[in-house]
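A.B. asks: Please read through the structure below; I'll follow up with questions.
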Amino acid sequence: MKRLAKIALFASALCVTAPVPQAVAQQLQVLNLQDADIRVFIQDVARTTGQTFIIDPRVQGRVSLASQTPLARDELFEVLLSTLRANGLVAAPAGSRTWRIEPAAAGQGGAVQAAGFATQIFKLRSLDARSAAETLRPMISAQGAVVPSQRGNLLIVADYADNLRRVRSLLAQVDQDRGVTQTVTLRSSSAREIARVLNELLAGPGGDPGARNGLVSIVVVDSSNSIVLKGEPDVVRPLLEVIADLDRRAESAGDVRVVQLQHADAEQLLPVLQQLVGQSPAPAAAPASAGADGEGPAATAPVASSPAGARANIARYPGANAIIIAADPETQRMLAEVIRQLDLRRQQVLVEAIVVEVSDETAKRLGVQFAIAGINGSNIPFAATNYANTAPNLPALIGAAAGEGQLPENSPTLDVLRNAAVSSLLGANGIVTGGGGTLNDDALFGVIINAVKSDTASNLLSTPSIMTLDNQEATLLAGQEVPITTGEVLGDDNSNPFRTIQRQNVGVALEVKPQINAGGTVTLFLRQEVSSVAGPVSANFTELILNKREITTTVNVDDGDIVVLGGLLDQNERVSVERTPVLGDVPVLGHLFRGTNKQRTKTNLMVFIRPTIVRDASEARALTGPRFGYISDRQPRRDAGAQSDLEALVRHYMGATPPNALPAPDPSTPAPAAPVPSLQAPE
């Protein structure tokens, strides 16, 4: 009862009537509440300050307040806001001198600021929004939030008003660009080399180059061989002294410099460097004897004057793939910069060709041959039909049959007749039927009918592929060397005969030189050939006939696309009819005096090409793995689940992991960027 009486007494002391007189407005009050209802405290503050408060039904709780000094009306309102925040409540404006008191979660969901809870957008000038948000997050209340926006470098902060004032004051102090910008033009050193040294000096523990990121930015200007430094004066000043000292030491250093090449070929790079300093390329010399280490001496060029007037000499050492420069520091720096830009890892191109040939050959043949001859002195004349497009040859068979009874067994003529008959029978295909006999012992007759129909279809598919460096010619050949006769001499009486032959490649050949262009296109200079042996020209002429399909062209293809290089659609029809005059034209019966041969050939030939740019080792593994697995899966295995012979060879003999077992690269992971001489603004 005493506590309630004390609260009532305090409430009556704070209670005023509207309008509040100026004297009452400035009246000071001392707070001393112990475990009072927060709704009663809000009502008392409303009477004292003249404000209107709409209390949400969810507002519950008890508060204890004590002030050591008297409080004015404005100070009493601030005490109310702090008390509400301590109890998870917020006062949101609802009109003129009207406030809505509700839980803080509901206040944050509003679209406008609340009294004691507001949202403010800070546009940063020098600080990074993301790093500034990480720095301010521990200072934000549990109900507040800080969100960085990289677009526009903005910082969005939602928190109580008093906390926002502290954030605003802190940002005003730290968001100032106190950095200075200094440009240093080097005379004797390479700007990129000096920048690399500075980055290593600024690296934190463990060599992390980002440990002191933000303190200083280092940018290289290649056109003027300069370095631009931007950062705090206390950090930039010692770096300027280091740069000046290194450049001065390079000027007094020796005039000979050795540059170890990482990717380029010293033999190819040497003539380029010689032209830059006005030297003539060294003439090709005979190979010198190798030293004890098996490597020849360095290849040198005659001494000449550089464009600056100083004497310069450039040599290469093949054993270490190095360039040796003997010149003044300025010439050394210029040549070293050229070498740096040319000594890059070259991209590769995987060129895959697809050759498809589909052919269909149809043949129909029908021929009737007959022969009749008188015997025993009869007056019946000899008559026979013979067609070249029909087999076997009836006169050859008759000649052999007649010779059996008329010629002795060891007669050479009989052997010739027999061989001709056998060859004629062997050349026949399809169905061959016939017969013969005598007519009243006055004549012999014979009939042969030959009918054949053939249909031949073939499908040739070859996929040669080859990988080569950019602007590097490569050749692939999978086939045989076939001997071709180029000359023959028999000599007198066949004495000392000899024959000259030349071997010719027959199979699948691919010659290509890719050139990678900007934008991912590839220019291909290529020759594609597919050849095969068709067989001898004839039975009496043993020289070979070669089938050959060849394309030589230059095309532009996008990376990974498939385009057609060319093709041939060929249809050939041939009809051969041999017949006896007059009799062969008689309807129906004329087929007995006729030989017909029909042939039709269709050929569809297409050649496709697909280049794929291989930029780094991960892409090379991604291309190698599936192809390795394709071949490995087609090898015979002793047991189900056992590894193939190819995989066993790689694992046990080479001691390596098969490419198809390596994990595929994650496409979402960006490729590692090349090192740049800058901590903050990479080139």
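A.B. asks: How about region 226-252: which of its residues are at pLDDT 85 or above and outside any helix (DSSP H, G or I)?
C.D. replies: Once the filter is applied, which keeps residues that are at pLDDT 85 or above and outside any helix (DSSP H, G or I), region 226-252 yields S226, I227, V228, L229, K230.
A.B. asks: Sticking with this structure for a sec: Looking at region 253-268 only, could you name the residues that are charged (D, E, K, R) and not in a loop (DSSP other than H, G, I, E, B)?
C.D. replies: R257, E267
A.B. asks: Restricting attention to region 448-482, which residues are among the β-branched types (V, I, T) and outside any strand (DSSP E or B)? Walk me through how you get there before you give the answer.
C.D. replies: First pass over region 448-482, keeping only residues among the β-branched types (V, I, T): 448-449, 452, 456, 463, 466, 468, 475, 482.
The one that is among the β-branched types (V, I, T) and outside any strand (DSSP E or B): T463.
A.B. asks: Here is a follow-up. Could you check region 531-553 and list, in sequence order, the residues that are touching a Leu at 6+ places or on another chain (Cβ under 7 Å) and of a type in the set (V, I, T)?
C.D. replies: V533, I551, T553
A.B. asks: For the list (1) under 23 Å from L350 (Cβ atoms); (2) among the polar types (S, T, N, Q); (3) buried (at least 16 other Cβ atoms within 10 Å of the Cβ); (4) at pLDDT below 90, I need the number of the one condition that N597 fails.
C.D. replies: (1)
Residue-wise test of (1) in a loop (DSSP other than H, G, I, E, B); (2) open to solvent by 80 Å² or more (accessible area, probe 1.4 Å).
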{"position": "V508", "(1), (2)": "no, no"}
{"position": "I551", "(1), (2)": "no, no"}
{"position": "G560", "(1), (2)": "yes, no"}
{"position": "G566", "(1), (2)": "no, no"}
{"position": "R574", "(1), (2)": "no, yes"}
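A.B. asks: Right, next: Mind telling me which of the residues D570, D558, D585 ends up being over 28 Å from S359 (Cβ atoms) and touching a residue at least 12 places away in the same chain (Cβ under 8 Å)?
C.D. replies: Result of the check over D570, D558, D585: D558.
A.B. asks: Among the numbered conditions (1) in a strand (DSSP E or B); (2) open to solvent by 30 Å² or more (accessible area, probe 1.4 Å); (3) closer than 30 Å to T485 by Cα, tell me where Q515 comes up short.
C.D. replies: Result: Q515 fails condition (3) only.
A.B. asks: Give all pairs with beta carbons closer than 8 Å in which a residue from region 166-177 that is within 15 Å of N153 (Cβ to Cβ) and open to solvent by 60 Å² or more (accessible area, probe 1.4 Å) meets a residue that is not in a helix (DSSP H, G or I) and not acidic (D, E); count only pairs at least 6 apart in sequence or on separate chains.
C.D. replies: Taking only residues 6 or more apart or on different chains, the pairs are V174/L127; Q176/R125; Q176/S126; D177/R125; D177/S126.
A.B. asks: Across region 178-192, which residue is surrounded by the fewest Cβ atoms within 10 Å (Cβ to Cβ) among those that are among the small types (G, A, S) and within 39 Å of the chain's Cα centre (by Cα)?
C.D. replies: The residue in question is S190.
A.B. asks: Say we look at region 644-660 and pick out the residues that are among the hydroxyl-bearing types (S, T, Y) and within 14 Å of G629 (Cα to Cα); which of these is surrounded by the most Cβ atoms within 10 Å (Cβ to Cβ)?
C.D. replies: S644
A.B. asks: Would you say L81 is surrounded by 14 or more Cβ atoms within 10 Å (Cβ to Cβ), touching a Gly at 6+ places or on another chain (Cβ under 6 Å), modelled with pLDDT under 85 and not in a strand (DSSP E or B)?
C.D. replies: Yes; evaluated as a whole, the condition is true for this residue.
A.B. asks: Which is open to solvent by 40 Å² or more (accessible area, probe 1.4 Å), modelled with pLDDT of 80 or more and either aromatic (F, W, Y) or more than 25 Å from Y160 (Cα to Cα) (or both), of Q60, Q34, Q26?
C.D. replies: Exactly one of Q60, Q34, Q26 is open to solvent by 40 Å² or more (accessible area, probe 1.4 Å), modelled with pLDDT of 80 or more and either aromatic (F, W, Y) or more than 25 Å from Y160 (Cα to Cα) (or both), namely Q34.
A.B. asks: Also, quick follow-up: Spot the failing condition for P381; the list is (1) out of contact with any Ser or Thr (no Cβ under 8 Å at 6 or more places or on another chain); (2) modelled with pLDDT under 85; (3) surrounded by 15 or more Cβ atoms within 10 Å (Cβ to Cβ), and only one is missed.
C.D. replies: (3)
A.B. asks: Could you pull out the residue among G296, G319, G291, G309 that is more than 30 Å from N459 (Cβ to Cβ), part of a loop (DSSP other than H, G, I, E, B) and at pLDDT 50 or above?
C.D. replies: G319
A.B. asks: I484 - would you say it is among the aliphatic types (A, V, I, L, M), farther than 16 Å from I354 by Cα and surrounded by 15 or more Cβ atoms within 10 Å (Cβ to Cβ)?
C.D. replies: For I484, the condition - among the aliphatic types (A, V, I, L, M), farther than 16 Å from I354 by Cα and surrounded by 15 or more Cβ atoms within 10 Å (Cβ to Cβ) - is not met.
A.B. asks: For T542, only one of the following conditions fails: (1) under 30 Å from A371 (Cβ atoms); (2) outside any strand (DSSP E or B); (3) open to solvent by 70 Å² or more (accessible area, probe 1.4 Å). What is its number?
C.D. replies: It fails just one condition, (1).
A.B. asks: Ok, one more. Looking at region 342-375, which of the residues that are part of a loop (DSSP other than H, G, I, E, B) and not aliphatic (A, V, I, L, M) is surrounded by the most Cβ atoms within 10 Å (Cβ to Cβ)?
C.D. replies: Selected residue: D343.
A.B. asks: Can you tell me which residue within region 546-559, out of those that are in contact with a Ser or Thr (Cβ under 6 Å, 6 or more places away or on another chain) and modelled with pLDDT of 90 or more, is nearest to V349 (Cα to Cα)?
C.D. replies: Step one: list which residues in region 546-559 are in contact with a Ser or Thr (Cβ under 6 Å, 6 or more places away or on another chain), which gives 546-548, 556, 558.
With modelled with pLDDT of 90 or more added as a condition, the list becomes 556, 558.
Values: N556: 13, D558: 12 Å.
Here the answer is D558.
A.B. asks: Residue by residue through region 446-481, note down the ones that are among the hydrophobic types (A, V, I, L, M, F, W, C) and either open to solvent by 80 Å² or more (accessible area, probe 1.4 Å) or under 50 Å from the mean Cα position of the chain (by Cα) (or both).
C.D. replies: A457, L460, L461, I466, M467, L469, A474, L476, L477, A478
A.B. asks: Among the residues of region 518-532, are any touching a strand residue (DSSP E or B) at 6+ places or on another chain (Cβ under 7 Å) and loosely packed, with under 13 Cβ neighbours inside 10 Å? I'd like the intermediate steps shown before the answer.
C.D. replies: Of the residues in region 518-532, the ones touching a strand residue (DSSP E or B) at 6+ places or on another chain (Cβ under 7 Å) are 520-532.
Next cut, loosely packed, with under 13 Cβ neighbours inside 10 Å only: 520.
Yes, because at least one residue in region 518-532 is touching a strand residue (DSSP E or B) at 6+ places or on another chain (Cβ under 7 Å) and loosely packed, with under 13 Cβ neighbours inside 10 Å.
A.B. asks: Still on this structure, I have one more. Could you tell me which residue of region 152-165 is farthest from the chain's Cα centre (by Cα), considering only residues that are surrounded by 19 or more Cβ atoms within 10 Å (Cβ to Cβ) and of a type outside the set (F, W, Y)?
C.D. replies: N163
The values are calculated or read from the model by the stated rules, or taken from the named source; none is laboratory data. Not measured: the values here are computed from a predicted model. Cβ coordinates were reconstructed from backbone atoms using ideal geometry, including for glycine residues, and neighbour counts include every protein chain displayed. Remember, those area values only see protein heavy atoms, side chains included, never the ligands or the DNA or RNA. Shrake-Rupley method; radii C 1.70, N 1.55, O 1.52, S 1.80 Å.
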